Amino acid sequence: MKRTITHLADGRELIYFDRRDDADRSAIDRRALEPRPVASELRYDPLTEEWIAIAGHRQTRTFLPTGGTAECPLCPSSETRSSEIPSYDYDVVVFENRFPSFSTNFGTYEDPGGLSEVRPAVGRCEVVCFTSDHDSSFSKLSDSQVELVMEAWADRTAELSQIEGVEQVFCFENRGAEIGITLAHPHGQIYAYPYVTPRTKLQLGAARRYTKGNLFADVLAAERQAGVRVVAANELWTAFVPAAARWPFEVHLYPHRQVPDLAALTEAERAAFAPLYTSVLRAFDGLFGVVMPYIAAWHQAPVRVDRELGYLHLELFSIRRAANKLKYLAGSESAMGAFVNDVLPEEAARMIRSQIDHK
Ligand SMILES: [Zn+2]
């Protein structure tokens, strides 16, 4: 594997991850780009004890260009067109988001008054292109390509954890127009947050109060023993529908060994994840014979606290509940955080399991 760091015309970092050591990554970005926007502001909600990033500049970002590969900023550049990636081809590439919610490029922030505090949204947002093939998808990647993506995730997790003020690194993929993606090219994102996210805080709080062992490890062991919600497994990973799934189709993938983050996985664990995960993604697409919109979210331990409590896992879920029906977050979920799921988790597991192709 070869890793090459370069910079885009406006100073943003771009990193190539190549399978071949002789890949030529000398191409230069010659576009005339606007200066980078200053970091968003963080405002504190004293009622929920949560930080909200207010990112006014993101309204101007590129929204679903219609020209396919001819306009796609994530396709490689060509002789006639410059995209975000200067090279004419790539394996996996990561670069800083042009319209980041979090960055280290501070502006000035006025006190909003009330009981809220304000501070700069320090951190970093990166884009990960999973393949140079515009029409591919994560489910179609070869095992070795998935392993290269995992190397990139692990590398970024380790590096972003070093930024002063960063408390948690989140690697994720939004897929499908129904989820609200703004670009069709297969890609994911990485957020380095200046706080521990609300959901991680909740999970770690529960894990801290649980005294019989590690809560995540015990959930995994119990699901493996019950078996009824397990959809696929191999020697090093298990994929199961959680007993109290919030989403119509939701699968959690856990390594059998407790590790805090992606950087702590062994080569063997990365290799074992690839075929298992893509088989679950293909099973998702097989459920209704239409592309499943989904969110795939890596839960990693915070950077500075609770490293021994955290347990790396991937939470994958879709908002599609039938061929032509989507689950919308309406009153109960959006206003109260109280989920109502219309699909029995055991039935969802049976349906997903029946679509696993064991390729
Ligand atoms: Zn593209």
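Just a few scattered comments:
- Within region 85-170, strands (runs of 3 or more DSSP E) holding 2 or more residues that are of a type outside the set (Gly, Ala, Ser) and surrounded by 20 or more Cβ atoms within 10 Å (Cβ to Cβ): 92-96, 124-129
- Just one of (1) of a type in the set (Phe, Trp, Tyr); (2) over 17 Å from Val196 (Cα atoms); (3) open to solvent by less than 20 Å² (accessible area, probe 1.4 Å) fails for Tyr328. It is (3).
- Condition met for Thr211 (open to solvent by 60 Å² or more (accessible area, probe 1.4 Å), among the hydroxyl-bearing types (Ser, Thr, Tyr) and over 18 Å from the mean Cα position of the chain (by Cα)): yes
- Residue within region 133-141 that is within 16 Å of the ligand (Cβ to nearest atom), touching a residue at least 24 places away in the same chain (Cβ under 8 Å) and hydroxyl-bearing (Ser, Thr, Tyr) present: yes
- Filter result for Thr157 (in contact with a strand residue (DSSP E or B) (Cβ under 6 Å, 6 or more places away or on another chain), at pLDDT 95 or above and within 24 Å of Val251 (Cα to Cα)): yes
- So Arg321, is it of a type in the set (Lys, Arg) and within 30 Å of Glu164 (Cα to Cα): no
- Out of Ala192, Ala184, one residue alone is over 25 Å from Lys140 (Cα atoms) and not hydroxyl-bearing (Ser, Thr, Tyr). It is Ala192.
- Residues in region 332-347 that are loosely packed, with under 10 Cβ neighbours inside 10 Å and of a type in the set (Ser, Thr, Tyr): there are none.
- Only one of the listed residues (Ala239, Ala272, Ala296) is open to solvent by 10 Å² or more (accessible area, probe 1.4 Å) and of a type in the set (Gly, Ala, Ser). That residue is Ala272.
Here is a yes/no grid of residues against (1) open to solvent by less than 40 Å² (accessible area, probe 1.4 Å); (2) modelled with pLDDT of 95 or more:
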position: Leu309; (1), (2): yes, yes
position: Arg320; (1), (2): yes, no
position: Ala349; (1), (2): yes, yes
position: Asp357; (1), (2): no, no
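- Of the numbered criteria (1) within 22 Å of Val343 (Cα to Cα); (2) touching a residue at least 40 places away in the same chain (Cβ under 8 Å), the one Phe288 fails is (2).
- Residue in region 249-264 that is under 20 Å from Ser139 (Cα atoms), touching a residue at least 24 places away in the same chain (Cβ under 8 Å) and open to solvent by 40 Å² or more (accessible area, probe 1.4 Å) present: no
- Exactly one residue out of Glu96, Glu34, Glu50 is free of Cβ contacts under 8 Å to residues at least 40 places away in the same chain, away from the ligand (no atom under 16 Å from the Cβ) and either out of contact with any Phe, Trp or Tyr (no Cβ under 6 Å at 6 or more places or on another chain) or more than 20 Å from Tyr195 (Cα to Cα) (or both): that is Glu34.
Conditions (1) open to solvent by 30 Å² or more (accessible area, probe 1.4 Å); (2) assigned to a strand (DSSP E or B); (3) modelled with pLDDT of 90 or more, marked per residue:
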position	(1), (2), (3)
Phe17	no, yes, yes
Arg20	yes, no, yes
Ala27	yes, no, yes
Ala39	no, no, no
Ala53	yes, yes, yes
Phe63	yes, no, no
Cys72	no, no, yes
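- In region 231-242, the residues that are touching a residue at least 60 places away in the same chain (Cβ under 8 Å) reach residues that are part of a loop (DSSP other than H, G, I, E, B) and aliphatic (A, V, I, L, M) with C-beta atoms within less than 6 angstrom, at least six apart or across chains, in these pairs: Ala232/Ile356.
- Scope region 126-176; condition touching a Phe, Trp or Tyr at 6+ places or on another chain (Cβ under 9 Å), within 24 Å of Ser101 (Cα to Cα) and of a type in the set (Gly, Ala, Ser); matching residues: Ala152, Gly176
The values are calculated or read from the model by the stated rules, or taken from the named source; none is laboratory data. As the structure is a computational prediction, the values presented were derived from the model and not from experiment. FYI the Cβ positions are ideal-geometry reconstructions off the backbone, even for glycines, and counts take in every protein chain you see. When the accessible area is computed, the model is the full protein with side chains, heavy atoms only, and any ligands, DNA or RNA have been set aside. Shrake-Rupley method; radii C 1.70, N 1.55, O 1.52, S 1.80 Å.
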